[in-house]
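A short write-up of the structure that comes next.
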Amino acid sequence: MGTATALGFLGLFLLARPKTTEPIRFCHWECMKFVQMWPGSFCVALAQRFECGVSESADSWTIHGLWPNDVMNCCSCWHLFPSDLLDLPSELTQHWPSFINISNFDFWEKEWHKHGTCAACTEALSSPSKYFGAALQLRTIYNIDKAFQRAAITPSCNHSYQLSTLHAAVRPILGERHDLQCVTDSQGRQVLVQVKVSLFSNFSSGCAATSTKDLSPYRPCESQQRVFYFPPNQQHPRDPCP
């Protein structure tokens with residue numbers, strides 16, 4: 001599916017506030033972050049209290065979340081049930097898996113409570129199936145795997161990249177307003193782990209609002225250091241390239 005086609009599909013769900021005379025306190029957000037993570041380095045800096053594993057099928061960029069800016073946990077009473085995702089489980093399992101010691105559904109449930117309920121005041125994301133379905137479509141549009149393949153950027157324990165090379169590879173699909181985030185491994189190497197793109201309400205990239213609530217353990221990759229792009233290591237996910 002091409003970018004124009006996919007955006008056209010998502011465009012069918014034009015965002016609009018629910019028709020009500022009452023203001024909705026958590027609908028003040030203007031932008032949202034679509035976040036993808038790389039399985040090869042996700043476990044590198046994860047706290048030891050979490051069990052972390054990477055399946056053999058985890059060889060592509062996966063979804064971390066779709067997060068409205070500066071709002072969280074908007075509706076604790078809106079529960080997620082397996083029946084809400086009847087048409088999506090296989091796609092979600094492949095493209096939005098859990099790598100820690102909780103089930104995939106528990107991971108999706110946490111994302112729904114923390115972020116999905118805040119997004120749900122808009123028509124395009126107003127149910128669990130719409131929210132998770134939109135994230136899957138966004139992964140098709142903002143496809144990091146294809147962008148890196150076109151630029152001949154491949155996972156390696158030995159070869160590293162200039163940060164500018166990585167930015168140049170994803171800029172055609174993500175636009176200028178994107179973040180490449182890194183962790184530092186036990187040998188002091190800077191390792192790519194996550195990519196964020198800032199979206200407008202029509203799901204196109206480039207929204208300028210900045211978040212004031214970044215609780216992520218990951219930080220922007222630094223241009224002064226080269227960036228490693230580790231391959232997934234099922235046997236040693238916390239130290240994939242010793």
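Brief remarks follow.
- One residue stands out in region 80-109 among those that are polar (S, T, N, Q) and in contact with a helix residue (DSSP H, G or I) (Cβ under 7 Å, 6 or more places away or on another chain): the one that is surrounded by the most Cβ atoms within 10 Å (Cβ to Cβ), namely Ser98.
- Conditions (1) touching a Pro at 6+ places or on another chain (Cβ under 9 Å); (2) closer than 25 Å to Arg49 by Cβ; (3) of a type in the set (Gly, Ala, Ser); number of the one not met by Ser98: (1)
- Hey, Thr210 modelled with pLDDT under 90, of a type in the set (Ser, Thr, Tyr) and either farther than 16 Å from Asp145 by Cα or touching a Leu at 6+ places or on another chain (Cβ under 8 Å) (or both) or not: yes
- Search result, residues across region 24-61 that are of a type in the set (S, T, N, Q) and crowded, with 18+ Cβ neighbours inside 10 Å: Gln36, Ser41
- Considering the conditions (1) in contact with a Leu (Cβ under 8 Å, 6 or more places away or on another chain); (2) modelled with pLDDT under 90; (3) surrounded by fewer than 13 Cβ atoms within 10 Å (Cβ to Cβ), Ser201 is excluded by exactly one of them, (3).
- For region 163-170, the condition of being in contact with a helix residue (DSSP H, G or I) (Cβ under 7 Å, 6 or more places away or on another chain), buried (at least 16 other Cβ atoms within 10 Å of the Cβ) and small (Gly, Ala, Ser) holds for at least one residue.
- Of the strands (runs of 3 or more DSSP E) lying entirely inside region 145-208, those containing at least 2 residues that are under 12 Å from Lys33 (Cα atoms) span 178-184, 190-199.
- Number of residues in region 45-91 that are touching a residue at least 12 places away in the same chain (Cβ under 8 Å) and within 25 Å of Arg238 (Cβ to Cβ): the value is 18.
- Number of positions in region 40-79 that are closer than 25 Å to Gln190 by Cβ, part of a strand (DSSP E or B) and in contact with a helix residue (DSSP H, G or I) (Cβ under 8 Å, 6 or more places away or on another chain): 5
- Condition met for Thr117 (in a helix (DSSP H, G or I), over 16 Å from the mean Cα position of the chain (by Cα), crowded, with 20+ Cβ neighbours inside 10 Å and not aromatic (Phe, Trp, Tyr)): yes
- Of all the listed residues (Ala151, Ala147), the sole one being over 20 Å from the mean Cα position of the chain (by Cα) and within 23 Å of His95 (Cβ to Cβ) is Ala151.
The values are calculated or read from the model by the stated rules, or taken from the named source; none is laboratory data. Treat the numbers as computed from the prediction; the structure is a model and nothing was measured. Reconstructed Cβ throughout: ideal geometry from the backbone, glycine too, with neighbour counts over all protein chains shown.
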